[in-house]
Amino acid sequence: MSKPVEDPHPIVEELERMEEAVPERPEPDSPAGPVAVGDPPPPAVAKASSGAVPPTTPPAGEAEMEDAPAPAVKAAVAEERHSDADGAEPERFMPRDLLAPSRHEVVVERAEPEVPVKHAEVIAFANQKGGVAKTTTTLNLAVAFAESGYRVLCIDLDPQGNLTMSQGIDPDKVEKSLYDVLVHDMPISEIIQKREIDIAVASIDLAGAEIAMSTKIGRERSLEKALKEVIGNYDFVCIDTPPSLGLLTINALTAANKVIVPVQCEYLSMRGLVQLQNTLKMIQENLNPEVRIEGILPTMLDSRTVHAKEAVEILEENFGELVFRSRIRKTIKFAEAPVKGASVLKYDSASSAANYYRELAKEVLAHESAQ
Ligand SMILES: Nc1ncnc2c1ncn2[C@@H]1O[C@H](COP(=O)(O)OP(=O)(O)OP(=O)(O)O)[C@@H](O)[C@H]1O
Ligand SMILES: [Mg+2]
């Protein structure tokens, strides 16, 4: 790997090759895991999935959800529509229907931070697998930091614009977005909007950014360069990435000093994590020697199933200390909050769902103070 960074396609080609080997991401509505047909699960995973799945008692507090999350969102929206429209047939669900009224004047109460952050921590939330709670974790951990008094910027680097939407902003109506920053070198301060946290927004045209940037010199460092303008204003920069290892994710990993990897316990795939580690190794060798995995986060944990418990055990056996102690359990709150254009911490501040991310924030801050 002695090629200079600015060579055409030094790392993107390799990553694209790897990406081709990655199984398709699941359809949003599909409860089936993303394991390719004919692709035998790794032995560790096979062990997890072969276990019986007896129901166990859900923990005290809010009810955990059994359905796949996307239908739950649809159901929530359809229910709202019914009550609004006097039993009229609900219209077809559109993602932009999730948008709550604009929330320009959000005032977030801030405490004094307990652990001082010496320089901004830039955390990328990455996993090339779709639907593992990258966006949910980016937003809710970011808001948990903000609640503790830290200055936080979120960056929506996913063309799906889910993070942007979950702060009540319609990516279809955004005029200036990360596309302009990455492709046309627009100052990032021009696209930051103030909500629960500050957010650098995505728009639908971000999908074309990878191609538009492909001939740009230093294309892997576009985000890192853009962040220099504002980095002094923040303690944490939280970057949501798309479910792929393309140029947008490479930009995130190049700009970051830490990576948090959310992993959905039910659909655990060691191969995916190993692949992500290999990508990170390449980034470390070629672009960003500082970046390291801050932790692997078990998400959507259904503690009623033996399968989920075994999946976490397997994760710990394979990745040891890298696995966070915090657990994000499955609850309907995480599907409901984006409908209101809010984090779970704002939507239901007293819920255990909100506390899962407060606990995670404490764990990340404990690492910070131990450094
Ligand atoms: N702990 C949880 N319990 C229940 N549902 C959850 C939980 N975390 C996230 N979800 C729901 O799961 C779905 C996928 O989550 P999210 O969008 O955060 O994943 P993602 O990894 O960002 O997906 P993508 O790869 O498409 O960007 C969403 O509908 C979200 O509301
Ligand atoms: Mg996402």
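The values are calculated or read from the model by the stated rules, or taken from the named source; none is laboratory data. A quick note: this is a predicted structure, and the numbers were derived from the prediction, not measured. Here the Cβ is made from the backbone with ideal geometry for all residues, glycine too, and neighbour counts use every protein chain on show.
Condition check ((1) within 16 Å of ligand 1 (Cβ to nearest atom); (2) touching a residue at least 12 places away in the same chain (Cβ under 8 Å); (3) farther than 18 Å from Pro159 by Cα) across all residues:
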position: Ile231; (1), (2), (3): no, yes, yes
position: Asp235; (1), (2), (3): no, yes, yes
position: Pro243; (1), (2), (3): yes, yes, no
position: Gln264; (1), (2), (3): yes, yes, yes
(1) more than 12 Å from ligand 2 (Cβ to nearest atom); (2) farther than 24 Å from Gly272 by Cα; (3) surrounded by 21 or more Cβ atoms within 10 Å (Cβ to Cβ) all hold for Val122 apart from (2)
The number of residues in the stretch 258-275 that are assigned to a helix (DSSP H, G or I) and surrounded by 24 or more Cβ atoms within 10 Å (Cβ to Cβ) is 1
Sole miss for Ala370 among (1) more than 26 Å from Lys118 (Cα to Cα); (2) away from ligand 1 (no atom under 16 Å from the Cβ) is condition (1)
Exactly one of Ile123, Ile169 is among the β-branched types (Val, Ile, Thr), assigned to a loop (DSSP other than H, G, I, E, B), within 16 Å of ligand 1 (Cβ to nearest atom) and at pLDDT 95 or above, and that one is Ile169
- Message: On the basis of being of a type outside the set (D, E, K, R) and at pLDDT below 95, does Val291 make the cut?
- Response: no
The lone condition Lys134 fails out of (1) at pLDDT below 95; (2) within 16 Å of ligand 1 (Cβ to nearest atom) is (1)
